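Trainee: Let me give you the structure first, and then I'll get to my questions.
The values are calculated or read from the model by the stated rules, or taken from the named source; none is laboratory data. The shown structure was predicted, so the numbers you read here are calculated from the model rather than taken from an experiment. Here the Cβ positions follow ideal geometry from the backbone for every residue, glycine too, while neighbour counts run over all protein chains shown. What goes into the accessible areas is simple: the full protein's heavy atoms, side chains included, and nothing from ligands, DNA or RNA. Shrake-Rupley method; radii C 1.70, N 1.55, O 1.52, S 1.80 Å.
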Amino acid sequence: MRKLIGVMTATVMLSTMLMACGNSGAATIETVEEDTAQTETAADTNEDAATDETADAETSEEATEVASGDYHIGIVTGSVSQSEDDRRGAEAFQAKYGEDRVILATYPDNFTEELETTIQTIVNLSDDADMKAIIVNQAIPGTTEAFRQIKERRPDIICIAGESHEDLPEIGSAADLVCNNDFVARGYLIIRTAHELGCDTFVHISFPRHLSYETMSRRVAIMKAACEEFGMEFVMESAPDPTTDVGVPGAQAYIAEHVPEWVEKYGQNSAYFCTNDAHTEPLLRGLLENGGYFIEADLPSPLMGYPGALGLDLTEEAGDFEKILAKVESAVVEKGGAGRFGTWAYSYGYTVSAGLAQHAMNVIDGKSELTNIDDISKAYEVFSPGAAWNGSNYTNADTGVKADNTFLIYQDTYIMGDPGKYMGSTEVEVPEKYFTTK
């Protein structure tokens, strides 16, 4: 049985989710001003608590932004230009607790060619004697080695990886906790949702580099198997890798050119999925114009591809995901896409950065257990109000063994319409056979 993670509470979020890839850039460590109002509130709360035990108990539950102790937490993400949602989530957590508690760093944009810089950027945070936890989101290549070096120097530091690009057993051997999007359950549930919406064909768009990743290759196998279960046709289409010589413009032009012929070939009841963020915007635009379905992005967010595809300016809605989703949904309906386009209501990248940092703080403060899925979900809930999550331990497809410190998580799918609706994906029990499908 997989455990339902529940309904979310509190705080809002920001901005566009991009996969961490692109041009070369310098690694930096940055800070923002501490929220002195929160500090004053904490002092007042402690003073009141000294005289009133009941008030103390109530305050300790409500004033979640006041952390105990003098320790520091470090968060490493890609830059705003490459992984904006990841970065904004880290900034939101820093703004909540202050620069004196939360240290931010960015790894190079071209991390594949600047491996040593990437590793050193992460390791450098352990030079801080008060550092107690380091979160890397997305955990790009080099994170495993960085965590190993940190553990040699500072075994007391909690090392947490969010959305690892390295094989999960490998990163799990060095990290204290790993949390990735649930490529297993989603491989099944995306197909199941497409079937529920009336789709008869599922088109998977990717390229060799991505298909070499265990997470993506296993998901493809699961999607194929799920299509067989639901009587759907599964099709693989190849598209250019944006990190090659064609770049992002060439890759996007290819998608834009081929969507009309794909829809004509596979029919109006075909659903599409791409593994690369740069492909998402032209794919959405093409499907809005030509027909077809889009269940959700690889790393879903209402800001993933939709603003560009719909020509939306979301400046006024920035940080308010209820308003962002409402504006995106309205535009989708206006273009005739009601019931055909989906997303997660809240940004995955934003929630991972902020939620894992919150979880680390809860663990350090003795309020949570590091590898307890309910405690992880509780921390995620702070940054994604109103949406449901589900998750489970990662299962090694070769051995069938479940990892104690590695978790796969996902949010309920929201299909936009008038009105839109959650599909209840987090309440579906995924058949056990899919957890070892490869």
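Trainee: Among the residues of segment 384-428 satisfying the criterion of being under 15 Å from I222 (Cα atoms) and of a type outside the set (A, V, I, L, M), which is surrounded by the most Cβ atoms within 10 Å (Cβ to Cβ)?
Mentor: The extreme case among them is Y394.
Trainee: Do any helices (runs of 4 or more DSSP H) lying entirely in segment 254-343 carry at least 3 residues that are out of contact with any Lys or Arg (no Cβ under 9 Å at 6 or more places or on another chain) and in contact (Cβ under 8 Å) with a residue 60 or more places away in the chain, and which ones are they?
Mentor: 277-290, 321-334
Trainee: So which residues in segment 71-118 are within 24 Å of D277 (Cβ to Cβ) and β-branched (V, I, T), if there are any at all?
Mentor: Listed by number, the residues that qualify are I75, V76, T77, V80, T106, T112, T117, T118.
Trainee: Something else: Could you list all residues from segment 326-357 that are under 22 Å from K96 (Cα atoms) and open to solvent by 10 Å² or more (accessible area, probe 1.4 Å)?
Mentor: Answer for segment 326-357, where residues must be under 22 Å from K96 (Cα atoms) and open to solvent by 10 Å² or more (accessible area, probe 1.4 Å): just Y346.
Trainee: Of the numbered conditions (1) in contact with a Gly (Cβ under 9 Å, 6 or more places away or on another chain); (2) open to solvent by less than 10 Å² (accessible area, probe 1.4 Å), L168 fails exactly one; give the number of that condition.
Mentor: (1)
Trainee: Just one of Q138, Q94, Q82 is among the polar types (S, T, N, Q), closer than 16 Å to T351 by Cβ and in contact with an Asp or Glu (Cβ under 7 Å, 6 or more places away or on another chain); which is it?
Mentor: Q138
Trainee: Also: Could you list, in sequence order, the residues of segment 160-174 that are in a helix (DSSP H, G or I) and closer than 13 Å to P141 by Cβ?
Mentor: Once the filter is applied, which keeps residues that are in a helix (DSSP H, G or I) and closer than 13 Å to P141 by Cβ, segment 160-174 yields E170, I171.
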